[in-house]
1. Pull up all non-local amide H partners of Thr118: gap of 5 or more, or a different chain, and H-to-H distance under 5 Å with H placed in the peptide plane.
2. Percent antiparallel among DSSP beta bridges with both residues in the chain, to the nearest 5?
3. Amide H to amide H under 5 Å from Asp68: which residues, 5+ apart in sequence or cross-chain, H placed 1.01 Å off N in plane?
4. Estimate the FRET efficiency between Ala175 and Tyr77 by the formula 1/(1 + (r/R0)^6), using the beta-carbon distance for r and 25 Å for R0, to the nearest 0.05.
5. Using 0.36 nm times the number of residues separating Ser51 and Asp154, minus their current alpha carbon distance, what extension gain do you get?
6. Quantify, in whole percent, the carbon and sulfur part of the accessible surface of the chain (1.4 Å probe; protein heavy atoms only).
7. Explain nothing, just the number: relative contact order of the stretch 1-152, from Cα pairs under 8 Å at least 6 residues apart, as a whole percent.
8. Kindly write out, for the stretch 68-74 in residue order, the coupling ³J(HN,Hα) from the Karplus curve 6.51 cos²θ - 1.76 cosθ + 1.60 (θ = phi - 60°), rounded to whole Hz, with x marking Gly and Pro.
Amino acid sequence: MTAIAVFVGSIRKQSINQRLARAVEALAGKRFEFSYVDIGGLPHYNEDLWSDPPESVQTLKRTIEASDGVLFVTPEYNRSIPGILKNAIDWGSRPTGKSSWIGKPSAIMGASPGAVGTAVAQSHLRNTLLVLDVVLMGQPEAYLQLKPDAIADDLTIADDHLRILLERQLDAFEAWIGRVRRWHG
């Protein structure tokens, strides 16, 4: 089974992006094993902490390194990614020369109640990830407007259009991970 580290950019209990990630996990079935990274337990990035890195940071780095791919599910805050997600990305990229992100096949999706979805946040996230040598899937993109009834209580995707779009995203991500594995040996 393909191991996926999942970074959800919201730690709110009723987060629609957390709900989206769980629905995508259910839709994926047995082809992916999702490991959710607890970004809420990370301290603010501080270079001074590398002399004795917190366990939460070590766990984050181990989870990234053990994964076959990384899925980012982000909301959009003020036309960018949440600071808590950027903090997690920064921890994974350090210390210098020991980035956990290098060569990691990744995909991005995100949801918002608004019509634009998370397009601008995803653009900012792409810029950051490319600098870190993450091997980012370009297509299909998933900037989702998530309506309240799109995901049922049992996490099945009730909206047919959304389910088809997410199935395509999962198929493409699975193929992308395979392609990156072949490139990087």
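The values are calculated or read from the model by the stated rules, or taken from the named source; none is laboratory data. The model shown is predicted, which means the values in this text are computed figures rather than measured ones. Cβ coordinates were reconstructed from backbone atoms using ideal geometry, including for glycine residues, and neighbour counts include every protein chain displayed. The area values use the complete protein model at the heavy-atom level, side chains included, leaving out ligands, DNA and RNA. Shrake-Rupley method; radii C 1.70, N 1.55, O 1.52, S 1.80 Å.
1. Amide H neighbours of Thr118, under 5 Å, 5+ apart: Leu144.
2. Of those bridges, close to 10 percent are antiparallel.
3. Placed amide hydrogens put Ala3, Ile4, Ala5 under 5 Å from Asp68.
4. Computed FRET efficiency for Ala175 and Tyr77: 0.20.
5. Numbers: separation 103, 0.36 × 103 = 37.08 nm, distance 4.44 nm.
Here the segment from Ser51 to Asp154 would lengthen by 32.6 nm.
6. Here it works out to 51 percent.
7. Values: 276 pairs, mean separation 39.5, N = 152.
Relative contact order here is 26 percent.
8. Calculated HN-Hα couplings, in order: 7, x, 10, 10, 9, 10, 10 Hz.
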